[in-house]
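To start, the structure under review is shown below, and the notes come after it.
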Amino acid sequence: MKGAILGISAFYHDSAAVLLQNGVIVAAAQEERFTRRKHDPDFPRRAVRYVLREGGLTLDELDAVVFYDKPYLKFERLLETYHAFAPRGLTSFLSAIPVWIKEKLFMRRLLREELGPALDHGVKLLFPEHHLSHAASAFYPSPFAEAAILTLDGVGEWATMSIGVGKGKDVTMLRELRFPHSLGLLYSAFTAFCGFRVNSGEYKLMGLAPYGRDGSERVREWKARILDELVDLREDGSLLLNMDYFNYATGLTMCCNDKWQRLFGIAPRQPETEISQEYMDMALAIQQVTEEAVFRLARTARELTGQRNLVMAGGVALNCVANGKLIREGMFDDVWVQPAAGDAGGALGAAYAAWHIWKGEERPAPEGDAMRGAYLGPEFEAGAILRAARRFGAVYETHDDYDALAETVAGYIAEGKVVGWYQGRMEFGPRALGNRSIVGDPRDPEMQKKLNLKIKYREGFRPFAPSVMDEERQANFDLDRPSPYMLVVAPVAEGVQKPLPEGYAEMPMYERLYVQRSTIPAVTHVDYSARIQTVHRETNPRYWALIDAFRRRTGCGLVVNTSFNVRGEPIVCTPDDAYTCFMRTEMDVLVMGDMVFVKERQPAWNEDGDWRESFELD
């Protein structure tokens, strides 16, 4: 079948495959979900097999295979960077270049080896630039006929930021910032200095920032030092980094730690150690600098394009706090962020770029966004769930009436039980949006502690998101528009807030954390904010009905939603993954399709060794 495009991203982090047919997304998935290796960067063999199977296609029925960036340009950047910084970087050079020469440089050959002879029989092989792939992923599936485009990440080939405009089937890139100057790498450097892992811990830094003491002398001083010593932030949002303080261009680490220690007066935090107030203040300072940079870039995009709507992609676009503040700033009528904004979404953008730019196919007038709720991954029917239950000797009840099932599960949630909710097609992108989710009662003041420490086995300070029926959004949150992809942070509504005790700002982290700040404490962060997912009957009727059943029972039209996994594990994909995660944790109930598994009725769970060692901490 012609009109079919396979998009691929690989070899950095979060490799993925996407299938477009006649400009419509058929399937999309990250390789990590199949291999169970978080952020798997390897060629997405299993994801490719899945998306082709979902489309009923073989490789030789494709129009094109599209890789999400240009390896030769990336290699040119590496060589020029090592040359510019020589003799610094010899160790990094000697480790990186052989891998490039052996594997990454000759991408055509590698793709032919992976995909077989189909590429020799009329299937075109294409390589759009990295930031064009991001831009295409932001614009083409957006709900706008025209929009300004802003892409922000660590680095592609050379570009680290780009501004463009989308109109109809055309995307035009207008301006870019080039490596080594990068807002994404600046944020990642602070992520590393604060003791979190680069390329996975940035969202932890964002979650840590509200514990910083806003307006304190230290935050003000550190923000000034960042802007005076580390980065020259221009009025148009472009920036220049002082590379004397950074090691990522040619080294194996992000920062020159000794210089940072002299600048800020604190040593780099060691991973998994206690987090002192200094690192909370540092997280707040760099978050505020990042927000200011994003605002300035957005204003520049508005001025350059004259557009009233903005679309965004790239890893920095996953900074939900900046997104929420940008929306409230009101410089655009609306802002839409690609839910798979990181490198996985580059596979989608590459496929879209081939369809609309290479093939020149017209883009229909959008009716809402084209991501279909991001439910684009594998679905396992009742027979597959039943076979998994039999393999484990699991005990379950089947509900033929979905309304009765929703009422039963809502009852469990209202009793304070934690429920694994496994339904329909798996989500594409980093967020679980109600098909591979763990849900709980947001009114329960102990729920956040329980989920972090007994279910997810992760740092206790990390906040949880609400899934709220869109009809109940404004009763609970100060947000004037839907947020279906959990990419916007907004304040909880004044009507659900509770007053803070005297001396709250001076309390230690965990004392502040466990203060009840609202009537929905499990989803209210320490600054009265929440990372919101609105749930819509049209997009996910089963999840909406579950929350509605909970609302009818309790008067509360939202639930706590976190991804169905433990720390270091990819989100569950198969029924086997879901049942295994359920039994390894202190989850109380698992619901897969119409089948309900109650923990206390299950057979004893036995494994050789410590299963936690199979997942590398993120």
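The values are calculated or read from the model by the stated rules, or taken from the named source; none is laboratory data. The structure displayed is predicted, hence computed values, not measured ones. Neighbour counts are summed over all protein chains in view; Cβ atoms, including those assigned to glycine, are modelled from backbone coordinates with ideal geometry. For the accessible areas, the whole protein counts, side chains as well, though only heavy atoms, and no ligand, DNA or RNA atoms are used. Shrake-Rupley method; radii C 1.70, N 1.55, O 1.52, S 1.80 Å.
With +1 on the Cβ of every Lys and Arg and -1 on the Cβ of every Asp and Glu, and nothing else charged, how large is the dipole of segment 226-320 about its Cα centre, in debye rounded to the nearest 20?
That gives a dipole near 380 debye.
Percent of accessible area on segment 335-386 owned by carbon and sulfur, 1.4 Å probe?
Roughly 53 percent of what the probe reaches on segment 335-386 is carbon or sulfur.
Checking the a/c ratio against 1.5 first, then a/b against b/c, what shape does the Cα gyration tensor give for the chain?
Rounded, because the longest to shortest axis ratio a/c is under 1.5.
For the chain, calculate the relative contact order in percent as a whole number, restricting contacts to Cα pairs under 8 Å that are 6 or more residues apart.
Once divided by the residue count of the chain, the mean separation gives 16 percent.
Would you mind checking LYS38/LYS454; LYS74/LYS456; LYS38/LYS169; LYS74/LYS167; LYS74/LYS454; LYS167/LYS223 for any pair whose Cα atoms are more than 31 angstrom apart?
LYS74/LYS456; LYS38/LYS169; LYS74/LYS454; LYS167/LYS223
Where a Cα-Cα gap under 13 Å defines reach, which aspartates and glutamates qualify for LYS259, not counting those fewer than 8 residues away within the same chain?
GLU229, ASP244
Can you list residues from other chains, or at least 5 along the same chain, whose modelled amide H is less than 5 Å from the amide H of VAL488?
Counting only residues 5 or more places away or on other chains, the set is ILE532.
Could you work out the relative contact order of segment 1-91, using alpha carbon pairs under 8 angstrom and six or more residues apart, expressed as a whole percent?
30
HIS130: net charge of surrounding residues, Cβ under 15 Å, Lys/Arg +1, Asp/Glu -1, itself excluded?
Result for the local shell: -3.
Per the helix-only calculation at 222 nm, which mean residue ellipticity applies to the chain, given -39500 (n - 2.57) for every DSSP H run of n ≥ 4 and division by its residues, nearest 500 deg cm²/dmol?
Computed mean residue ellipticity for the chain: -10000 deg cm²/dmol.
At most 12 other C-beta atoms within 10 Å and a DSSP loop state: those are the exposed GluC sites (Glu not before Pro) I care about. Give me the longest piece of the chain that has none.
The longest such stretch corresponds to 1-234.
Return the lysines within reach of LYS70: Cα separation strictly under 17 angstrom, same-chain partners fewer than 8 residues apart disregarded; answer none if there are no such residues.
LYS102, LYS104, LYS124
Enter the accessible area per residue of the chain (Å², integer; probe 1.4 Å; all protein chains in place).
That works out to 38 Å² per residue.
Can you give me the C-alpha center-to-center distance between segment 77-147 and segment 303-329, rounded to a whole angstrom?
26
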